Structure formats: structure tokens, C-alpha cells
Amino acid sequence: MTNHLFGMHVGDTLLFRSVAFKIQYRPNRWKHVGMIGGGTGFTPFLQLIRHALMERSDSTEVDETKLSFLFCNRTERHILLGGVFDDLARRYPDRFRMFYTIDLAVDKEKWLERENHFLGYVTTDMICRSMPAPEEKKKIVMLCGPDPLLSHVAGTPISTMSSMSGSLNIQPMATDINNLVSLGGLLKELGYDNTDVYRF
């Protein structure tokens, strides 16, 4: 998306779509919320994480929901708001865990020194180490990112996303993806089912 925006010229147009979210966060609705995001796909997760960790004076219920986020990027330089996520993980270590994977590292050994850092495209091992387990009760894994990420992790066919958008390469509404497309990819391989996964 970023490369596309920077490649635009004066007079070019861009089509935006309004997102009608059909999922709502409530304290303790889930025991563990896992999130896998790529590039600018972090945006719904930053909102969710901040909302979940915010102390509410109007509620007597203590939110004990665990949160974990696997943030996928090309390089360290491409990680947007990494400092914000790291700060939240430091401030709420009992509730929020942050993980990163990048395709290319300037210094591979240094990057992999940190326990929460991975190298390469998302694997089943990364998911096992960062997301709620498939057998865990009251869990959800949320995904947001480019089509190849959704296809690889959740088996969402790129052809389906393209045809649902009239071949305009506009990502279809999350409700369409979640209701019309069966789960596949790495999550299916690990034993998750459609009710465990939400795709933005």
C-alpha cells in the first residue's frame, strides 16, 4: 500500500472502502486474543490493544484477557510504531506479548537474540509460539494484512478476494471473507477452525 501511495502522481485517484466491523471487544469475552498483522494491517490491532488495556472507571469487571500480536514486515525499517507496541508490552507484561517477524535482517544474529523476534515468512512454529493454542477455550485469532498473508496463514484464496471486489483488487468486507470462505492455510493445519479466526 505504501509503495502504491508514494508512486501516485498529481491527478491520480484512489478508491477507499468503508469497513463495517462485525466484531466487538468486551472484557473477558475471550481468554486470549491472538493477532497476526502485516505492514499497515496493524491498525485494527493497535486500537483493540489500547482499548483492552485501558483501565475503565465505569466498570467493576477486571479484564483478564491475554493479548498477543505477531507483526510481520519486510525489514526492521518497515516496522511502524514498534516503540508503541514495545512500550505497551513493557507496561502490561501479564496481559500483552509482542512478537515480530521480518523477511530480511541487516544483522541476523542480533535480530534473533531477542526471544520475541523471528525471521522469515510466518510459519507454524511462529504461530505456536505466539498465538493461543488451538485447543485453548475462549480464544480468537484475528488477521489483517496483505492478501498473500491472509492466503498463507488462513487459506483465504487470493482469487476469491479479487473476484469479490470485482477484480479491482479491493479487499472484500471482513464479514464476506469470514462467512463465505472456509479456513485453510497454516491455521487449519494447526487445528484451528473457522469459529477461532476473524479476518479483517
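The values are calculated or read from the model by the stated rules, or taken from the named source; none is laboratory data. Everything numeric here is computed off the predicted structure, so don't read it as measured data. We place every Cβ from the backbone using ideal geometry, glycine too, and count neighbours over all the protein chains shown.
Of all the listed residues (PHE45, PHE96), the sole one being closer than 21 Å to GLY155 by Cβ, touching a strand residue (DSSP E or B) at 6+ places or on another chain (Cβ under 6 Å) and among the aromatic types (Phe, Trp, Tyr) is PHE45. Suppose the filter is in contact with a strand residue (DSSP E or B) (Cβ under 8 Å, 6 or more places away or on another chain) and either closer than 24 Å to ILE23 by Cα or at pLDDT below 95 (or both); does MET54 pass it? Spelling it out, it is not the case that MET54 is in contact with a strand residue (DSSP E or B) (Cβ under 8 Å, 6 or more places away or on another chain) and either closer than 24 Å to ILE23 by Cα or at pLDDT below 95 (or both).
Of everything in segment 153-176 that is crowded, with 20+ Cβ neighbours inside 10 Å, part of a helix (DSSP H, G or I) and in contact with a helix residue (DSSP H, G or I) (Cβ under 7 Å, 6 or more places away or on another chain), the residue that is modelled with the lowest pLDDT is MET161. Residues in segment 76-90: is at least one modelled with pLDDT of 95 or more, within 25 Å of LEU150 (Cβ to Cβ) and either in a loop (DSSP other than H, G, I, E, B) or of a type in the set (Lys, Arg) (or both)? No, the conditions are met nowhere in segment 76-90. For segment 127-142, residues that are outside any strand (DSSP E or B), among the aliphatic types (A, V, I, L, M) and closer than 21 Å to PHE200 by Cβ total 2.
Can you name the residue in segment 177-189 that is hydrophobic (A, V, I, L, M, F, W, C) and crowded, with 17+ Cβ neighbours inside 10 Å and is also modelled with the lowest pLDDT among such residues?
In the first step, residues of segment 177-189 are kept if they are hydrophobic (A, V, I, L, M, F, W, C); the result is 177, 180-181, 183, 186-187.
Keeping just the survivors that are crowded, with 17+ Cβ neighbours inside 10 Å gives 177, 181, 183, 186-187.
Numbers: ILE177: 52, VAL181: 67, LEU183: 89, LEU186: 96, LEU187: 96.
Checked segment 177-189; the qualifying residue modelled with the lowest pLDDT is ILE177.
Are there any pairs with C-beta distances below 6 angstrom linking a residue in segment 77-95 that is farther than 18 Å from MET54 by Cβ to a residue that is modelled with pLDDT of 95 or more and of a type in the set (S, T, N, Q), with the two at least 6 apart or on different chains, and if so which? Note: pairs meeting the criteria are ILE79/ASN73. Checking the stated criteria, ALA105 turns out to be farther than 15 Å from LEU149 by Cβ and assigned to a loop (DSSP other than H, G, I, E, B).
In segment 83-107, the qualifying residues are those that are crowded, with 19+ Cβ neighbours inside 10 Å and over 19 Å from THR65 (Cβ atoms), and the one that is farthest from the chain's Cα centre (by Cα) is ILE102. Residues of segment 40-82 that are buried (at least 20 other Cβ atoms within 10 Å of the Cβ) and in contact with a Cys (Cβ under 8 Å, 6 or more places away or on another chain): GLY41, PHE42, PHE45.
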